[in-house]
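Scroll down for the structure; my scribbles are underneath it.
The values are calculated or read from the model by the stated rules, or taken from the named source; none is laboratory data. This one's a predicted model, so the numbers in the text were calculated from it and none came from an experiment. Cβ placement follows ideal geometry from the backbone for every residue including glycine, while neighbour counts extend to all protein chains displayed.
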Amino acid sequence: MPNGEVSLAREKSIVDWLEYCAPNADVIYLMGDIFDFWFEYKKVVPRGFVRFLGTLAKITDNGTKVIMFPGNHDLWLSEYLVKECGVELITKEFVVEHHGKRFFLHHGDGLGPGDRSYKFLKKIFLARFARFLFRWLHPDIGVAMAHRFSKKSRLAQNPKEDNYLGDQQEYLTQFALSHAQGNVENPIDYYIFGHRHLVLNVHIAPKSRYINLGEWLHGSQYAVFDGQTLDLLNWPNNTPAQPKNV
């Protein structure tokens, strides 16, 4: 998105970021929608992403752990990136502790109340039968169809979604609030999601915050945890990112 030239520049920037992070990272988490579409045929994978995939393989070969979460655009991530690039793939909510802080990690799609139509479609797309049927489409047809639907969904995005809608209307905020209320004795310090396409830092509970990483189509933000604090930064200058809501 929106064309090959811009996408290539973005891919190179992501590669530079990975190579910058890898030497000092205990683990790198990629939070989903890395690809606008991804499907693994038995003998074929989508064209492109060579620099990105090669960099993943290089840094994991050198001992850096990389964990990837599928997003709603790349739901069909499977064993190729695990076997060829050395990443670990996590398809569900993941709670992990680093230096005494607890993190709840997920792409974010399908969490929280509402959005029932997407939740229904997600179940269909994840069904083995759906993958079986799609595999019988020639890649030139199947991948072209997928990119057309993906572009259409982006163009149809409600302009209001570019702004934070408030705690009572944001699905992921509602999910984090509900989850935090049910885990008072063992609180989550950071709920970290993608999906929403906004850089967010939302106060959830006395010891909990909801962090959204935004997106790299119009910006380039990432979060870094140094063992004590978590910061949202802009790449490549590493200046503090400005969240939409604090």
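Annotations
- Restricting 32, 48 to those that are closer than 20 Å to residue 220 by Cβ, outside any helix (DSSP H, G or I) and touching a Ser or Thr at 6+ places or on another chain (Cβ under 9 Å) reduces the list to 48.
- Count - residues of the range 57-87 that are in a strand (DSSP E or B) and among the basic types (Lys, Arg): 1
- Sole exception among (1) in contact (Cβ under 8 Å) with a residue 40 or more places away in the chain; (2) crowded, with 19+ Cβ neighbours inside 10 Å; (3) over 21 Å from residue 73 (Cβ atoms) for residue 209, by number: (1)
- Verdict on residue 33 being modelled with pLDDT under 95, of a type in the set (Asp, Glu) and under 29 Å from residue 99 (Cβ atoms): yes
- Residues in the range 188-206 that are within 19 Å of residue 98 (Cβ to Cβ) and touching a residue at least 40 places away in the same chain (Cβ under 8 Å): 8 in all.
- Members of the range 48-73 that are surrounded by 19 or more Cβ atoms within 10 Å (Cβ to Cβ) and either modelled with pLDDT under 95 or over 16 Å from residue 15 (Cα atoms) (or both): 69, 70, 71, 72, 73
- All positions within the range 94-112 that are out of contact with any Gly (no Cβ under 9 Å at 6 or more places or on another chain) and modelled with pLDDT of 95 or more: 94, 95, 96, 97, 102, 103, 104, 105
- With respect to the conditions (1) touching a residue at least 12 places away in the same chain (Cβ under 8 Å); (2) under 19 Å from residue 223 (Cβ atoms); (3) surrounded by fewer than 16 Cβ atoms within 10 Å (Cβ to Cβ); (4) not charged (D, E, K, R), residue 96 lacks only one, and its number is (1).
- Residues in the range 192-229 that are touching a Lys or Arg at 6+ places or on another chain (Cβ under 8 Å), over 29 Å from residue 2 (Cα atoms) and aliphatic (A, V, I, L, M): 202 alone.
- Here residue 235 meets each of (1) out of contact with any Ser or Thr (no Cβ under 8 Å at 6 or more places or on another chain); (2) surrounded by fewer than 19 Cβ atoms within 10 Å (Cβ to Cβ); (3) in contact (Cβ under 8 Å) with a residue 60 or more places away in the chain; (4) not hydroxyl-bearing (Ser, Thr, Tyr) with one exception, condition (1).
- Enumeration of residues in the range 195-222 that are closer than 14 Å to residue 175 by Cβ and either out of contact with any strand residue (DSSP E or B) (no Cβ under 9 Å at 6 or more places or on another chain) or not charged (D, E, K, R) (or both): 195, 200, 202, 204, 205, 208, 210, 211, 212
- Residue match in the range 99-109 (condition: of a type in the set (A, V, I, L, M, F, W, C), crowded, with 19+ Cβ neighbours inside 10 Å and part of a loop (DSSP other than H, G, I, E, B)): no
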